[in-house]
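Okay, structure first, notes after.
Rule-based calculations on the coordinates, nothing more; no lab input. No experiment lies behind these values; they were computed from the predicted model shown. Methodologically, a virtual Cβ is constructed for each residue, glycine included, from the backbone with ideal geometry; neighbour enumeration extends over all protein chains shown.
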Amino acid sequence: MTTPVYENFINGHFLKNQSGDTFAVKNPATDEVIYYVEVADEFIQNAAIESAKQGFAAWSAMTPIERSRILLKAVSILRERNDELAKVEVLDTGKPWQEAECVDVETGADVIEYFAGLAPAQVGQQQMVGNDFYYTRKEPLGICAGIGAWNYPLQIACWKSGPALAAGNAVIFKPSEETPLGAIKLAEIFIEAGVPAGVFNVVQGAGEVGQWLTANPDIEKVSFTGEVGTGKKVMASAAGSLKDVTMELGGKSPLLVFDDADVSQAVSAAMLGNFYTQGEVCTNCTRIYVHKNVYQQFIDELKTRTEQNIIAGDPMDPEVNLGALISKKHQELVLSYIDKGISEGATLLTGGKALSPASAPNGYFVEPTIFVDCKDDMTIVKEEIFGPVMSVLVFDDEDDVIRRANDTHLGLAAGVFTKDIQRAHRVIHQLQAGICWINSYGNSPAEMPVGGYKQSGIGRENGIETLDHYTQTKSIYVGMSNIESPF
Ligand code: NAD
């Protein structure tokens, strides 16, 4: 069987590039090339802009109810094809089937459904000013670019296209070069649902294609998900044409476990927030601060459950709950952080090595790894690792742990475990993070706005306010009497 080659998706269909350049995509669990993708060359880039201009003209002229109806059709196709799409995500990312099957497609569909519902509810204002009055219209921005990371490829494409399309914009989406197929599947579904050709286009390639999107003057907005360093480059480039930006970037989020917490629940949260999607989740609580009175109990239970309950292997096996990291390069990076943790004096509680499970011997696996007795200045405590590596630290004073938790330039997420309701809110209100959980960790429903403080992001995704990030307000003043003029 020949290996498939996917073209860029422009103006409602696949379009061949002229350069003939392609790149290979590997299954992280097998190290095998599963398909090739054509790079968006200059011909494709120009075609994408022309296509999006036409798409925008057609889509923005439709009523919000019409757009909503079409998007809801796409939602039902996404749900019908859940298993087929979940499999695409497992093969591209290496994540376990047991996650993709119930999370990736589902949470993507939820967000499109949520914004489809809100589309007709967007209203302007009107106000009298003397006998005159003004009113406002919420108008779409035009062509919006989406640039995605590789950890939740389809979900990210849905989270960006849902509000953008609901508000009447056209989208040019560039998935990560590691995981390009999910966005293509979404593009096909939009067409099938009745979204006009040109409204959602997919261009393929690495940083240079992203760079073209961020610099192109016909694009009004860039919504980016990725690393902090890349986000800074995107924003600098977008400044050249004063584009609006949304930045969903990295984190090094703290979880605070107080001595009145339900320790088993806190262990569950710590494991979910470090080992789900083999640790490749932006909001992960990779710094766990545990009160000294429950520290030993916490790490004893954490070690036992990590060693007994985690099953690595072929991600398509429904029993497997720890998949492969995205690439060999990323596996090596994560292992190099583990070496740093050891050399800087952290105590390795469990894990620490590459894994070669019998059912997926060539995959890029890393053992679930826990460091205890960590210090605030260790590299593993300060830098985002984006793999299954947890750092546990001890504390004994509330104010001091808040100060330590906030001592970072990142501020994506934070969590608190305590049974004291006043402490829970008091502490959470002082933590410098955009996404917070009390006695919970990681849930991100469509209704809840998400985004980072400090260098973890700008703007929000999900929740009602996100529609404001995909619209602009036009104010219209209406004169009801003769103009008074000195001329
Ligand atoms: P990355 O920054 O390497 O790449 C992200 C995207 O940017 C890719 O599509 C890439 O091709 C593109 N890109 C690279 N250079 C570019 C440039 N100069 N201009 C424009 N685009 C460019 O990130 P990644 O490794 O794909 O993803 C992991 C990172 O994403 C982690 O830091 C993680 O925390 C973050 N992330 C954040 C969220 C969130 O919602 N806050 C969600 C998922 C992932």
| said: Let me check the size of segment 341-418 from its C-alpha atoms; what are the radius of gyration and Dmax in Å? | reply: 15.0, 48
| Cα-only Debye scattering, segment 3-84: base-10 log of I(q)/I(0) at q = 0.13, 0.25 Å⁻¹ | -0.65, -1.07
| said: Please list, in order along segment 475-487, the HN-Hα scalar couplings obtained from phi with the Karplus expression 6.51 cos²θ - 1.76 cosθ + 1.60 (θ = phi - 60°), rounded to whole Hz, x for Gly and Pro. | reply: 9, 10, 8, 10, x, 10, 9, 5, 6, 8, 9, x, 9
| remark: Diffusion coefficient in µm²/s returned for segment 410-454 by Stokes-Einstein, Kirkwood Rh over C-alpha pairs, 20 °C and 1.002 mPa s, is 196 µm²/s
| note | Expected sort for 144-156, 94-106, 348-360, 366-378 on mean C-beta neighbours within 10 Å, highest first, is 144-156, 94-106, 366-378, 348-360
| Once phi is turned into θ = phi - 60°, what whole-Hz ³J(HN,Hα) does the Karplus curve with 6.51, -1.76 and 1.60 give for every residue of segment 323-336, x standing for Gly and Pro? | x, 8, 5, 4, 8, 4, 4, 5, 4, 5, 5, 5, 5, 5
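Tell me, Kirkwood radius of segment 149-191 from alpha-carbon pair distances, in Å?
Values: mean 1/r = 0.0955 Å⁻¹.
After inverting the mean inverse Cα-Cα distance, the result is 10.5 Å.
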| task | Show the residues, 5+ positions off or on another chain, whose built amide H is closer than 5 Å to the amide H of F417. | result | L256, V257, F258, N439
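Which value in Å is the Kirkwood Rh of segment 213-294 over different Cα pairs? Spell out each step's value before the answer.
Values: mean 1/r = 0.0664 Å⁻¹.
It works out to 15.1 Å.
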| note | Most packed first (mean Cβ within 10 Å per residue), the peptides 471-481, 445-455 order as 445-455, 471-481
| query | Quick one: Kirkwood hydrodynamic radius for the chain, alpha-carbon pairs, angstrom, one decimal? | reply | 23.5 Å
| note | Interchain or sequence-distant (5+) residues whose placed amide H lies within less than 5 Å of the amide H of Y6 are Y36, V37, E38
| P(r) for segment 99-160: what percent of alpha-carbon pairs falls in each 10 Å bin, starting at zero? | 17, 32, 25, 14, 9, 3
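With +1 on each Lys and Arg Cβ and -1 on each Asp and Glu Cβ, how big is the dipole of segment 231-280 about its Cα centre, in debye rounded to the nearest 20?
Working: 4 positive and 6 negative charges, 103 e Å.
The dipole of segment 231-280 has a size of about 500 debye.
Averaging over all projection directions, find the projected area of the Cα convex hull of segment 61-135 and quote it in nm² with one decimal place. Kindly include the intermediate steps, with their values, before the conclusion.
Values: hull surface 28.4 nm².
Reported value for the Cα convex hull: 7.1 nm².
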| request: May I ask for the percentage of alpha-carbon pairs in segment 1-139 that lie more than 22 Å from each other? | output: 62 percent
| task | Compute from the Cα atoms of segment 244-380 the Rg and the Dmax, the latter being the longest Cα-Cα distance, and quote both in angstrom. | result | 15.5, 48
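Would you kindly give the portion of the calculated P(r) for segment 161-220 that falls above 18 Å, as a percent of all Cα pairs? Each step should come with its number before you reach the end.
Numbers: 642 of 1770 pairs.
Looking at segment 161-220, the distances longer than 18 Å represent 36 percent of pairs.
Run the dipole for segment 329-452 about the Cα centre, Lys and Arg Cβ at +1, Asp and Glu Cβ at -1, nothing else charged, and hand back the magnitude in debye, nearest 20.
Values: 10 positive and 17 negative charges, 63 e Å.
I would put it at about 300 debye.
Would you mind giving the three semi-axes, in whole Å and largest first, of the ellipsoid equivalent to segment 70-191 according to its Cα gyration tensor?
On the way: eigenvalues 238, 42, 23 Å².
Listed largest to smallest, the semi-axes of segment 70-191 are 34, 14, 11 Å.
Please tell me which of these pairs span more than 30 angstrom C-alpha to C-alpha: K73/K328; K243/K340; K174/K454? Walk me through the intermediate numbers first.
Values: K73/K328 39 Å; K243/K340 39 Å; K174/K454 25 Å.
Beyond 30 Å: K73/K328; K243/K340.
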| remark: hull vol. (C-alpha, convex hull) per residue for segment 416-487, Å³ -> 215 Å³
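With the contact rule set at Cα under 8 Å and sequence spacing of 6 or more, what percent relative contact order holds for the chain? Write down the numbers at each step before the final one.
On the way: 1148 pairs, mean separation 86.1, N = 487.
It rounds to 18 percent for the chain.
For a protection proxy built on the mean count of beta-carbon atoms within 10 angstrom, sort 184-190, 133-139 highest first, please.
Numbers: 184-190: 23.1, 133-139: 14.6.
Highest to lowest by the protection proxy: 184-190, 133-139.
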| request: Provide M235, M128 in ascending order of the number of other Cβ atoms located within 10 Å of each residue's Cβ, fewest first. | output: M128, M235
| field | P(r), alpha carbons of segment 288-447 - 10 Å bins starting at zero, rounded % | value | 9, 33, 37, 18, 3
| remark: Residue-ordered couplings for segment 397-411, obtained by feeding phi - 60° into the Karplus form 6.51 cos²θ - 1.76 cosθ + 1.60 and rounding to whole Hz (Gly and Pro as x), are 9, 4, 4, 5, 6, 5, 4, 5, 4, 8, 7, 7, 7, 9, x
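Using a Förster distance of 30 Å, how high is the FRET efficiency between Q472 and E66, based on the Cβ-Cβ distance and rounded to 0.05? It would help to have the intermediate numbers written out before the result.
Details: r = 21 Å, r/R0 = 0.70.
Rounded to the nearest 0.05, the efficiency is 0.90.
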